[in-house]
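Shown next, in structure tokens, is the structure this report addresses.
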Amino acid sequence: MPSETGATSIALTEVRRVYDAGARRVEALRGVTLTLRAGTATAIVGPSGSGKSTLLHICGALDRPTAGEVVVLGTNLTTASDATLTRFRRDHLGFIFQFFHLLPTLSALENVMLPARLARRGARAAETLATTLLARVGLADRVQHRPAQLSGGERQRVAIARALVLDPAIILADEPTGNLDRATGGQVLSLLFALAHERQRTVFIVTHDPEVARLCDRTVTLRDGQVAL
Amino acid sequence: MILPLLRWLSLRHWLQHPVRAGLTLTGVALGVAVTIAVDLLAGEILAANRRSLEAIAGKAQLTVTAGESGLDRVVADRIFGTPGVAHVDALLERQLIEPGRGPILLLGVDFLADAALRQIEAEGADQEVIDDPIAFLNSRSAAVVPESFATRRGLKKGDRFTLTAADGAHELEIRAVVKDRGPARAFGGDVVIMYLDAAQVALGMDDRVSRVDVGLAADAQPETVKAALEAELGPAFVVDFPLRRGARLDQMMTGLEQALFTMAALAIWVGILLAYNAIEISVRQRKNELAILRAIGTSRRAVIALVLAEAAGVGLVATALGLGLGYLFATYGLAATATTVSDVYDVVKVSEVQLLPRHVVTGLGVGLLIPLLGALRPARHVANESPVAGLTRGVEETFAAGRPWKPLVFGGLFFVAGLSLAWSPAAHTNIAVGYGAFASMLGGSVFFAPVIVSGLAQVLRRACGRRLWAEHVVALDHVVRDRRRAALNVASLVAGVATVITVATYATSFKEANQRWLASAVPADVFVTSGSKMAMTHNTPLDPALGQELGRIDGVDEVFLVRIADFDFRGRPLKLISTQMRGYEARSTPLVVEGAVSRDGPVARGAGVFVSENLAGRDNFHPGDRLTLPTPSGPATFEVEAVVVDFTSDQGVLLIDRAPYVKLFADPLVDSFELFLKPGVDPAAVQQQIRRQWGAKYDLFVLTNREFKAEAQELIEQIFALLDLLQLLTLFIAVLGVGTTLIAAVLDRTQEVGVMRAVGTTPLQVIHIVLSEAGFIGAAAAFFGTLQGALCGMVFLRTILLASIGWRLPWVLPESTYVFVFLGVSAASVVAGLYPAWWSAKQPTLEALQAE
């Protein structure tokens, strides 16, 4: 579902998320209303436990709100089935994790190809696309290397390429530089933003790092499960 | 200290993984169950035989026999006159057929003899009948039967029933019902007792009896009296201890017992591999816990003790389960096993299996041995590791150390050692060498099968590259990555498959060799027997007069009278086969291994003997040798004319001409009439005529050549069915191992699956990945196991079989079993992967992503 620049890609209305932790109820999100537009990079910041990751998971179709409404790229995820959410993630979302989460037995090329192959794209087309993306992230000479043979920055670049391989409309990143040194983190972010702007994609980053937030188009601060005004 | 740790760590861990715990317990329990079941079955069959012998022998300390034709009753007087003999009691013993029911033991007992050796007990009027033998003396049909016999058939005093003997059907009348004690307990109660004189008349035995039982004077030494009797009676008579006859069945069953216990040993071996794997996984998953224990001061010894105690706990629970399962297996398998033993070796009438304290001890031994052996290495490994390493190093690093060339080298060494043993001259004569060769080859696969399977995955991955679906790529990568974890399961699957193929190779080779032998050496058009389709163990020998009548049928060219007698020779229970050899040699083509067969040779002239290949190999007989046979008429010497193939008995066969046999053994009876028809005559028409004319009178079984061969094949399949069952159990244990490994694997890969789900992998695709991995492990292990099994089959034929039985069989590959095993094991592995696949797919994506 392509989105035009400036169009609403993520719309959250009065989203609440409550967890039952034994006898205790934890309110991770308490009525969050937020709109993110296509072609922008938004940083969600806030102290630990403020609900940043929960918000990312809900926007990323990995979790459902207890109350409220989540509409992403025009699809209401609040009531969607598990199968719909899976397909939605595969077709429209790209994930980048703090710990990269690459499959250790696959080469960099295969890791990037994986979502495309799981989506039943042709092997040759997937390989061409993955090779191009890896070249774009500066890993043209590392395509056959396994994750264990790559540095942290290189691994995260592979993860970025994997997130982009199906050309998703939205890229969700959870502390993408949290496991990298400052210089490498800066390079990775620059690359991510360049690719996002180039392709007019929405980038949604959860971070603790004010420097990362500073590089984004917009910063949303969460505090105690609510958007701080 | 160990007990709290067991409760806090071990018990909780196993309870948290109930499916894996269940699979491990089932695997170990099945190992115990198979061992116990085999022990119970063999024990009950031999015990039933002993019970029967004891029941007939009563208090007799010695017994005198003289071959199948029996001995003259007057010999009893000579025996009684021998110093040390206090009582003698002549007995007639004949196995007859009760139409529609099978073998019955007819005992002719001398009620007038003193009751010192055996007593028949009844109550009231029945006892009076027994005490008054006059009631029997003039009747050829008066019989007494045990209570159980009458109850099973709904018969009572005065009722009549029919038995088939050599001269046809005999109707007997029940004059008394006696208690199931003494001789009435013999043959599982399927016994009919007649007055000795009446039985002799009824069976046309003149004044011959089957045996004379001897009771000794209080101060007599059995060995001394035995020697005196042997000196008095001469070599035509056999003086022995009554229960020694039980050893005969024991000896005949040795091959079957060995095969069954080998299968049980394999089930134990696979169980050990399963337990090892399960315990290693369990220890590995608690690596950090155990490292913490070490860090806070727990000694190495205590950690080892903890892991071993945990294994012992698994063993105890599994033993309890295994004993119950083993008892059930044995109870349900007893009838089938007894039928096989009865059809092939000797008729046994079993009652029920009994679980004795020694079985519990055996079960405990196996049940504790399996997990304790399995736990030793993981326990030592984790105890010897430094706490720091255990706390900091990754799971895979801790256990995945090692280079693939090492197992390849070790495996190769084992394999080469196995082949060297198999090709050593000693392998043909020493069964231990054969087992050594076999075990070495199976042991070798433990080392290199996992490397080969993971290598196959790599090759497939590279060779097929883009053509593979992403799920298959990931699944193959898992196989490669988890080589160490899956190693033992792959090895046990390979061992299981190899064993199945080995036994199938034996069965196929035996069937093929048997068919060739029957086609050339047993070519008659029609076979006539009584009481049983084959002249093996429970047919009734017939009167030779029937042969003349059969010869008068239109279209019958020639009738051969074949007697297949039990014959003890040099301590072995052989078969002594006799027929009109001159004519038979003209009709058939014996498969000669050594020497030559001539129509005017010593055998045709009545002066020679053909020796079966297995007997000749064992006792080193060659053409030209002279062989002295003990006969009721005294020792008789025959010249070995040729060594021939003969599969009638795995103990050995001697073939002589009928004329000297009848003369020397005073035994004119016939086990099988083999008819050769004139050209163009339809065997089915002759078959129908024989059935019409004599079928009912003699309880005849009339088979055409094709039916006879089919029956022989069925008998072989019946023997192998027992082994097939044990093999399936072994494979089942191995497949359980695949389930155990995959459960551990998906648990370890939870986060990885979470990532895959996050990037859009559907639950079905996750299931597809796990099942592909399971299927590949199964298929690759089946493929490799099949190759190894073909080789092991050849080794088995040229070592264990040759050394134990002496048959040289051609190496025939069981192609249909290959397909069945390949598909079956692959499918079973996929089934074993269903639960792990389902579990993995149902994990919520977010929780999986956050899993540690």
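The values are calculated or read from the model by the stated rules, or taken from the named source; none is laboratory data. Quick caveat, the model's predicted, so the values are computed rather than measured. Cβ coordinates were reconstructed from backbone atoms using ideal geometry, including for glycine residues, and neighbour counts include every protein chain displayed. Accessible surface areas use protein heavy atoms only, side chains included; no ligands, DNA or RNA. Shrake-Rupley method; radii C 1.70, N 1.55, O 1.52, S 1.80 Å.
Counting only alpha carbon atoms, the long axis of helix B:357-384 and the longest principal axis of chain B meet at about 20°. Full extension of the segment from residue B:416 to residue B:430, taken as 0.36 nm per residue of separation minus the current Cα-Cα distance, would add 3.1 nm.
Note that the range B:262-388, at 4 °C in a medium of 1.567 mPa s, gets a Stokes-Einstein diffusion coefficient of 77 µm²/s from its Kirkwood radius over C-alpha pairs. For the range B:563-580, backbone phi angles converted through the Karplus equation (6.51, -1.76, 1.60; θ = phi - 60°) give residue-by-residue couplings of 10, 10, 9, 6, 8, 7, 9, 6, x, 10, x, 8, 10, 10, 9, 9, 7, 6 Hz, Gly and Pro being listed as x. Only beta bridges with both residues in chain B are counted; by DSSP, about 75 percent of them are antiparallel. Contact order for chain B, expressed relative to its length and based on alpha carbon pairs under 8 Å spaced 6+ residues apart, stands at 17 percent.
For residue A:33, the amide hydrogen comes within under 5 Å of the amide hydrogens of A:14, A:15, A:227, counting only partners 5 or more places away or on other chains and with H modelled in the peptide plane.
Each Lys and Arg contributes +1 and each Asp and Glu -1, all at the Cβ; summed about the Cα centre of the range B:62-240, the dipole is approximately 580 debye.
Residues whose amide H lies under 5 Å from that of residue B:110, counting only those 5 or more places away or on a different chain, are B:196; hydrogens are built 1.01 Å from N in the peptide plane. Between helix B:483-521 and chain B there is an angle of about 20 degrees, using the helix long axis and the longest principal axis of the Cα atoms.
Here the protein assembly as shown carries DSSP beta bridges of which approximately 70% are antiparallel, counting only pairs with both residues inside.
Computed over protein heavy atoms with a 1.4 Å probe, the accessible surface of the protein assembly as shown works out to 39 Å² per residue. Phi-derived couplings, Karplus 6.51 cos²θ - 1.76 cosθ + 1.60 at θ = phi - 60°, listed residue by residue for the range A:135-151: 5, 5, 8, x, 10, 4, 8, 10, 4, 8, 7, 8, x, 5, 9, 10, 6 Hz, with x used for Gly and Pro. Close amide H contacts of residue A:7 (hydrogens built in the peptide plane, cut-off under 5 Å, sequence separation of 5 or more or a different chain): A:38. A protection proxy built from the mean count of other Cβ atoms within 10 Å ranks the segments A:38-50, B:457-469, most packed first, as A:38-50, B:457-469. Take each residue in A:76-82, count the other chain C-beta atoms within 10 Å of its C-beta, and the mean is 1. Return the calculated 222 nm mean residue ellipticity for the protein assembly as shown, to the nearest 500 deg cm²/dmol, obtained by summing -39500 (n - 2.57) across DSSP H runs with n ≥ 4 and dividing by the residue count. When only DSSP H runs of four or more count, the value is -17000 deg cm²/dmol. Counting Cβ atoms of other protein chains within 10 Å of each Cβ in B:757-770 and taking the mean gives 6. Carbon-plus-sulfur accessible fraction, the protein assembly as shown (probe radius 1.4 Å, protein heavy atoms only): 57%. Here the alpha carbons of the range B:619-666 define both size measures, Rg and Dmax, at 11.5, 29 Å. Couplings 3J(HN,Hα) of the range B:22-36, computed from phi: x, 5, 5, 4, 4, x, 5, 4, 5, x, 5, 4, 4, 4, 5 Hz, in residue order, whole Hz [Karplus 6.51 cos²θ - 1.76 cosθ + 1.60, θ = phi - 60°; x for Gly and Pro]. With all pairs of different C-alpha atoms in the average, the Kirkwood value for the hydrodynamic radius of chain A is 17.9 Å. FRET efficiency for the pair residue B:706 and residue B:598, taken as 1/(1 + (r/R0)^6) with r the Cβ-Cβ distance and R0 = 30 Å, rounds to 0.50.
Working note: Debye formula, equal point scatterers on the alpha-carbon atoms of the protein assembly as shown, no solvent; log10 I(q)/I(0) at q = 0.07 Å⁻¹ is -0.78.
Using a Förster distance of 25 Å, how high is the FRET efficiency between residue A:35 and residue A:200, based on the Cβ-Cβ distance and rounded to 0.05? Efficiency computed from Cβ-Cβ geometry: 0.90. In the range B:62-240, the DSSP beta bridges split such that about 75 percent are antiparallel, to the nearest 5. Can you spot the lysines whose alpha carbon is less than 22 Å from residue B:678's alpha carbon? Ignore those fewer than 8 places along the same chain. Cross-link targets: B:709. Mean per-residue shielding of peptide A:122-129 is 2, counting Cβ atoms of other chains within 10 Å of each Cβ. With R₀ set to 60 Å, the beta-carbon distance separating residue B:820 from residue B:121 gives a calculated FRET efficiency near 0.65. Summarising the label geometry, the points placed 7 Å from Cα in the beta-carbon direction at residue B:153 and residue B:512 lie 4.7 nm from one another.
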